[in-house]
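The values are calculated or read from the model by the stated rules, or taken from the named source; none is laboratory data. Nothing here was measured: the structure is a model prediction, and the numbers come from that model. Here Cβ is always computed from backbone atoms with ideal geometry, including for glycine, and neighbour counts include all displayed protein chains. For accessibility, only protein heavy atoms count, side chains too; no ligands or nucleic acids. Shrake-Rupley method; radii C 1.70, N 1.55, O 1.52, S 1.80 Å.
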Amino acid sequence: MLTVKIFSFNPVSENTYIVYNEGNEALIIDPGCYFDEEKKTLAQFIESNRLRPVQLLNTHCHLDHVFGNKWVYETFGLELFLHANEEQVLKFAPQSGKMWGLEFENYEGPLHFLNEHDVIKLGQDQLKVINTPGHSPGSICFYSEAERFIIAGDALFKESIGRTDLPGGNHDVLIQSIKEQLFVLPDNVVVYPGHGDSTTIGHEKKYNPFLKG
Ligand SMILES: [Zn+2]
Ligand SMILES: [Zn+2]
């Protein structure tokens, strides 16, 4: 049994996720904590629930999803797991931070690359890696088939999709990713996106205006 905790962090209102099991083992996905207060909020949640963070994951490496990588690495000793095609995006993040007036110190530790069909293990539970490029070249999602949810990053939002005007973005590729990788999942799968409210695959198939027809 997995529990999904959502935090909304940083001036871009990015969703940071902690996924944990009954054994209190936790995954930290896209730590967008930018301000010290936000880091404190995350640390306090982990502490008060006696969680033991065991893995740090990024769905992709736009700045709003990676602000807290370095802090997680230093605080919990976790190295970063991401898709290889995001390495360049990660390296560029501090520069885009300067452009947006959101300077930060980037994660400089080891990189571990994930790819389609890799399995993230958390005790007895597992999340499958699904490739969904388009918003960013190495965007991936983490899917719990057993518990019917997916951490989708910025690929799919409630009645919207990720922007594709940033470097490495491609609208047609994103639409193809959503149709061929996400819309093939059962309708009752809950989608936890990188921004905004949660939704379901079924709801998006019906109401997402970017995917009509
Ligand atoms: Zn993004
Ligand atoms: Zn984002």
Reported set for segment 18-44 where residues are in contact with an Asp or Glu (Cβ under 6 Å, 6 or more places away or on another chain) and away from ligand 1 (no atom under 16 Å from the Cβ) is Asn21
Out of (1) within 16 Å of ligand 1 (Cβ to nearest atom); (2) of a type outside the set (A, V, I, L, M, F, W, C); (3) in contact with a helix residue (DSSP H, G or I) (Cβ under 6 Å, 6 or more places away or on another chain); (4) open to solvent by 50 Å² or more (accessible area, probe 1.4 Å), what's the single condition that is false for Pro167?
-> (3)
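Tell me whether segment 187-195 contains one or more residues that are away from ligand 2 (no atom under 16 Å from the Cβ) and out of contact with any helix residue (DSSP H, G or I) (no Cβ under 7 Å at 6 or more places or on another chain). Before you say what the answer is, go through the steps one by one.
Step one: list which residues in segment 187-195 are away from ligand 2 (no atom under 16 Å from the Cβ), which gives 187-190.
Filter once more, so that each one left must be out of contact with any helix residue (DSSP H, G or I) (no Cβ under 7 Å at 6 or more places or on another chain): 190.
Yes: segment 187-195 contains one or more residues that are away from ligand 2 (no atom under 16 Å from the Cβ) and out of contact with any helix residue (DSSP H, G or I) (no Cβ under 7 Å at 6 or more places or on another chain).
Phe92 - would you say it is in contact (Cβ under 8 Å) with a residue 60 or more places away in the chain and surrounded by fewer than 22 Cβ atoms within 10 Å (Cβ to Cβ)? Break it down into steps so the answer makes sense when it comes.
On the way: in contact (Cβ under 8 Å) with a residue 60 or more places away in the chain: yes; surrounded by fewer than 22 Cβ atoms within 10 Å (Cβ to Cβ): yes.
So Phe92 fits the description; yes.
Looking only at residues in segment 43-73 that are among the aliphatic types (A, V, I, L, M) and under 15 Å from the mean Cα position of the chain (by Cα), which one is farthest from Glu116 (Cα to Cα)? Walk me through how you get there before you give the answer.
Of segment 43-73, the ones among the aliphatic types (A, V, I, L, M) are 43, 46, 51, 54, 56-57, 63, 66, 72.
If we keep only those that are under 15 Å from the mean Cα position of the chain (by Cα) as well, we get 56-57, 63, 66, 72.
Numbers: Leu56: 17, Leu57: 14, Leu63: 23, Val66: 21, Val72: 25 Å.
It comes out as Val72.
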Give segment 48-78 a look and list any residue that's more than 16 Å from ligand 2 (Cβ to nearest atom), surrounded by 17 or more Cβ atoms within 10 Å (Cβ to Cβ) and either part of a strand (DSSP E or B) or of a type in the set (A, V, I, L, M, F, W, C) (or both), or say none.
-> Leu51, Pro53, Val54, Gln55, Leu56, Trp71, Val72, Phe76, Leu78
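Kindly indicate whether any position in segment 116-124 is over 30 Å from Gly23 (Cα atoms), part of a loop (DSSP other than H, G, I, E, B), more than 16 Å from ligand 1 (Cβ to nearest atom) and among the charged types (D, E, K, R). Explain how you work it out, then say what you get.
The first filter runs over segment 116-124 and keeps only residues over 30 Å from Gly23 (Cα atoms), leaving none.
No, every residue in segment 116-124 fails to be over 30 Å from Gly23 (Cα atoms), part of a loop (DSSP other than H, G, I, E, B), more than 16 Å from ligand 1 (Cβ to nearest atom) and among the charged types (D, E, K, R).
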Residues satisfying the stated conditions in segment 170-213, i.e. open to solvent by less than 20 Å² (accessible area, probe 1.4 Å) and in contact with a Cys (Cβ under 8 Å, 6 or more places away or on another chain) | Leu182
Restricting attention to segment 12-42, report how many residues are assigned to a loop (DSSP other than H, G, I, E, B), under 17 Å from the mean Cα position of the chain (by Cα) and not charged (D, E, K, R).
-> 6
Restricting attention to segment 109-139, and to residues there that are of a type in the set (Asp, Glu) and surrounded by 14 or more Cβ atoms within 10 Å (Cβ to Cβ), which single residue is nearest to Gln181 (Cα to Cα)?
-> Asp118
